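S.K.: Provided herewith is a single structure, encoded as C-alpha cells, for subsequent inquiry.
The values are calculated or read from the model by the stated rules, or taken from the named source; none is laboratory data. Because the structure is predicted, anything quoted here is derived from the model rather than measured. Every residue, glycine as well, gets a Cβ built from its backbone with ideal geometry; the counts of neighbours run over all protein chains shown. We work out accessible area using only protein heavy atoms, side chains counted, and drop any ligands, DNA or RNA first. Shrake-Rupley method; radii C 1.70, N 1.55, O 1.52, S 1.80 Å.
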Amino acid sequence: MSEQELPEEPAERWTPPEGSWASSAATRRSMLGNRSRDTAPELLLRSLVHAAGLRYRVASKPLPKMRRTADMVFRSVKVAVFVDGCFWHGCPEHFVTLKKNRPYWEEKIGRNVQRDRDTDDRLAEAGWLVLRFWEHLEPEACAAAVIDAVAARRQEFQAPKHQEETS
C-alpha cells in the first residue's frame, strides 16, 4: 500500500505517523494529493504561451546550483516564471490560515514566502527576470505578460552592446 492509499480509519483510532504534521487521516490524504507541478493554472498558462510560439523548459532550475525550480524557464533570455498557489504561497487576497495546527501552518507558509523572496533576489542578482503570478489571475493576462517579457528580453539581449569610450 502506497503512502497516498491510507486505509479508512475512524478518527478516534487514527494516530499520525512519526514526524507527520497531519492533524487527521483526511488532512494527510488531502495534503499528499497536492501537486507540486503541472497544476491546472500552470498547464493553462503553458498552453497559451506555447500556442503563441514560445518554447521553454518546465519545472527547471534557472541556476544550476540553486535547489529551486521555476514553473517555466526561458534560459536564453533569462526569464523565470512562477505560478504561485494562493494557499501555499500566502496570497494576500485569498490566504486563510488553517484553524487546526495553526502555529505549524503560519510558520510553514511564512517560510515559503521567505523562500520565494530569496529566490527572486538570487535570480535578479544573476541577471534573471522573475515573473510571479497568483493561481487566481486570468491566464490570458499572465500569458500576455510572459510573451511581452520574453520578446523584450530577446530585443535587449540581441541589441548590440555599446562600449564606453575612455579618454
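S.K.: With over 14 Å from the mean Cα position of the chain (by Cα), under 27 Å from Leu44 (Cβ atoms) and among the aliphatic types (A, V, I, L, M) as the only criterion, which of Val73, Val113, Val146, Val83 stands out?
M.R.: Being over 14 Å from the mean Cα position of the chain (by Cα), under 27 Å from Leu44 (Cβ atoms) and among the aliphatic types (A, V, I, L, M) holds for just one of Val73, Val113, Val146, Val83, which is Val146.
Table: residues versus (1) open to solvent by 100 Å² or more (accessible area, probe 1.4 Å); (2) in contact with a His (Cβ under 6 Å, 6 or more places away or on another chain); (3) hydroxyl-bearing (Ser, Thr, Tyr).
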position	(1), (2), (3)
Thr97	no, no, yes
Glu107	yes, no, no
Asn112	no, yes, no
Asp120	no, no, no
Ala124	no, no, no
Glu135	no, no, no
Glu138	yes, no, no
Val150	no, no, no
Ala159	no, no, no
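Here is a yes/no grid of residues against (1) on the phi > 0 side of the Ramachandran plot; (2) open to solvent by 20 Å² or more (accessible area, probe 1.4 Å); (3) part of a helix (DSSP H, G or I):
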{"position": "Val49", "(1), (2), (3)": "no, no, yes"}
{"position": "Gly53", "(1), (2), (3)": "yes, yes, no"}
{"position": "Ala59", "(1), (2), (3)": "yes, yes, no"}
{"position": "Arg68", "(1), (2), (3)": "no, yes, no"}
{"position": "Met72", "(1), (2), (3)": "no, no, no"}
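S.K.: Output the number of the condition that Glu165 fails; it satisfies all remaining conditions of (1) acidic (Asp, Glu); (2) assigned to a helix (DSSP H, G or I); (3) at pLDDT below 95.
M.R.: Only one criterion in (1) acidic (Asp, Glu); (2) assigned to a helix (DSSP H, G or I); (3) at pLDDT below 95 is unmet by Glu165, namely (2).
S.K.: Let me ask something else about it. From the set of residues in the range 74-95 that are touching a helix residue (DSSP H, G or I) at 6+ places or on another chain (Cβ under 9 Å) and part of a helix (DSSP H, G or I), which is surrounded by the fewest Cβ atoms within 10 Å (Cβ to Cβ)?
M.R.: Result: Ser76.
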